[in-house]
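These notes are about the structure you will find just below.
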Amino acid sequence: MKHWLFLAWLAVAASPPLQAREDDSVNDDSVSAVKSDYFATLRSNSAKAKKDLPAGVQAPSMSESELQVFIDRCQKIYDVSAGEPAEFDALSQILALTSDPYVKPTSEKSLQAWRDCASKLFTDFIDDDRMATFVMNFPSPAKAKAEAAGYATKLIRSNNVAVKAAAAYLSLSQRADAAGDTPLTPELETKLLADLATFGQQFGMVDSVQGGTYAEWTKNTSYALVNLKVGGMAPEIEAPDLDGVKFKLSDYRGKVVLIDFWGYW
Amino acid sequence: MFPHERSLVNKLKDEPFALIGVNSDSDLTAMKPKFKEEQITWRSFWNGEEGTQGPISRAWNVRGWPTLYLVDHTGKIRQKWLGSPGDEALDREIETLVAEAKNPAGAKLKGKAGAE
């Protein structure tokens, strides 16, 4: 254990001090280089931990100070890349780094870095095409889940229709998924159906980030809400079996049926 | 999932229970020998040549594989899962519903009736 901590300290101590890099006039670092160094560090830390610790003892995969080096590198890339694609990549990479479950618990410093970058990203890039995909799955630390949801909602004010649609889709799809787990009251179901219809009218022609158009998604989701809910009658299936012989789901009425959507692939 | 499904089908072969698949392989001819190898003997609908985009999975709004629906003896959807809920939970739910199917009047006792 002590040996591992020493190595972690050594790795941090050996990394070049921030001050020295500030003076470099040429910055040839890149977000992809940060990413690959980050994963290399994770791998080597976990290999070291495996060697030195008794089986079953969980070691932290990365120290706070090791992580800070990667955050600083991204910050530097951000500073010199105004107007370039790397600007967006650097911000989103800092969000990923500061949300990382490998460093526990999230320190105030890295939480602050997450807040600064999220605020910049969701302000400066609110009309950027890349936000439509990014918002679907954007990283946030456990302490900032509510703030993250707030940022996602903010995108509804984007002037970019794809981003606006993605933000609206995100909140609607979460409601629909939740309804799949716990059936809604009739009032809430009516409300959700109305919201889906409004969304479909507004964004139906936009391509969904999940494939297809939002019109198709709206139609399928509304149908499922009414016809595929727990407690409702299962829709009929009538189709050929694997030998081409037609049969029906209702042939099995009187029996409990487990329907398994499967594939061998 | 296949090994557990095989054992389910075996264990409940004399009970009011059926496992029905909806197969989403687009090329059946290539896959059929594999099904035999895995001893997938239960009946499946075929989702058609469009594979995972086929008409049945589209109608049932399936967004991941496997998706499971548990339908009771009256044709009502009682549970659905994206991904398996785990062998034990699955068995428990099925056994509860099988007990209901065998004794509709005793359905109020569900939960207890399903325990082995």
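Results for (1) of a type outside the set (A, V, I, L, M, F, W, C); (2) open to solvent by 80 Å² or more (accessible area, probe 1.4 Å); (3) at pLDDT 85 or above, shown as yes or no for each residue.
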| residue | (1), (2), (3) |
| --- | --- |
| A:P54 | yes, yes, no |
| A:S65 | yes, no, yes |
| A:C74 | no, no, yes |
| A:E87 | yes, no, yes |
| A:A90 | no, no, yes |
| A:Q93 | yes, no, yes |
| A:S107 | yes, no, yes |
| A:L111 | no, no, yes |
| A:R115 | yes, no, yes |
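When you check A:L188 against the structure, is it open to solvent by less than 30 Å² (accessible area, probe 1.4 Å) and of a type in the set (A, V, I, L, M), yes or no? So A:L188 does not fit the description; no. Looking only at segment A:96-145, residues that are touching a Leu at 6+ places or on another chain (Cβ under 6 Å), within 17 Å of A:C74 (Cα to Cα) and part of a loop (DSSP other than H, G, I, E, B) come to 1 in all. Among the residues of segment A:212-219, some residue qualifies, meaning at least one is within 27 Å of the chain's Cα centre (by Cα), more than 7 Å from every other protein chain (Cβ to nearest Cβ) and among the aromatic types (F, W, Y).
Of the residues A:A224, A:A178, A:A166, which is within 11 Å of chain B (Cβ to nearest Cβ) and among the hydrophobic types (A, V, I, L, M, F, W, C)? Working first, answer last.
Numbers: A:A178 fails: within 11 Å of chain B (Cβ to nearest Cβ); A:A166 fails: within 11 Å of chain B (Cβ to nearest Cβ).
The unique qualifying residue is A:A224.
Here A:E236, A:E189 are screened, and the one residue that is out of contact with any strand residue (DSSP E or B) (no Cβ under 7 Å at 6 or more places or on another chain) and of a type in the set (D, E, K, R) is A:E189.
In segment B:23-111, which helices (runs of 4 or more DSSP H) lie fully inside it and hold 1 or more residues that are open to solvent by less than 40 Å² (accessible area, probe 1.4 Å), farther than 25 Å from A:W265 by Cβ and more than 7 Å from chain A (Cβ to nearest Cβ)?
Where helices (runs of 4 or more DSSP H) fall fully within segment B:23-111 and carry at least 1 residues being open to solvent by less than 40 Å² (accessible area, probe 1.4 Å), farther than 25 Å from A:W265 by Cβ and more than 7 Å from chain A (Cβ to nearest Cβ), they are B:87-102.
Results for (1) more than 7 Å from every other protein chain (Cβ to nearest Cβ); (2) within 24 Å of A:D127 (Cβ to Cβ); (3) of a type in the set (F, W, Y), shown as yes or no for each residue.
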position	(1), (2), (3)
A:A162	yes, yes, no
A:A197	yes, no, no
A:F203	yes, yes, yes
A:Q210	yes, yes, no
A:V230	no, no, no
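The set of residues in segment A:123-177 that are touching a residue at least 60 places away in the same chain (Cβ under 8 Å) and open to solvent by 20 Å² or more (accessible area, probe 1.4 Å) comprises A:T133, A:M136. Taking the numbered list (1) of a type in the set (A, V, I, L, M, F, W, C); (2) closer than 27 Å to B:Y69 by Cα; (3) in contact with a helix residue (DSSP H, G or I) (Cβ under 9 Å, 6 or more places away or on another chain) in turn, A:A194 passes all entries but (3). Determine if segment A:24-47 includes at least one residue that is under 18 Å from A:A113 (Cβ atoms), open to solvent by 40 Å² or more (accessible area, probe 1.4 Å) and at pLDDT below 90. Looking for residues that are under 18 Å from A:A113 (Cβ atoms), open to solvent by 40 Å² or more (accessible area, probe 1.4 Å) and at pLDDT below 90, one finds none in segment A:24-47, hence no.
The values are calculated or read from the model by the stated rules, or taken from the named source; none is laboratory data. This is a predicted model, so every value here is computed, not measured. Virtual Cβ from ideal backbone geometry, glycine too; neighbours counted across all protein chains shown. To get the accessible areas, we keep the full protein, side chains included, count just its heavy atoms, and leave off ligands, DNA and RNA. Shrake-Rupley method; radii C 1.70, N 1.55, O 1.52, S 1.80 Å.
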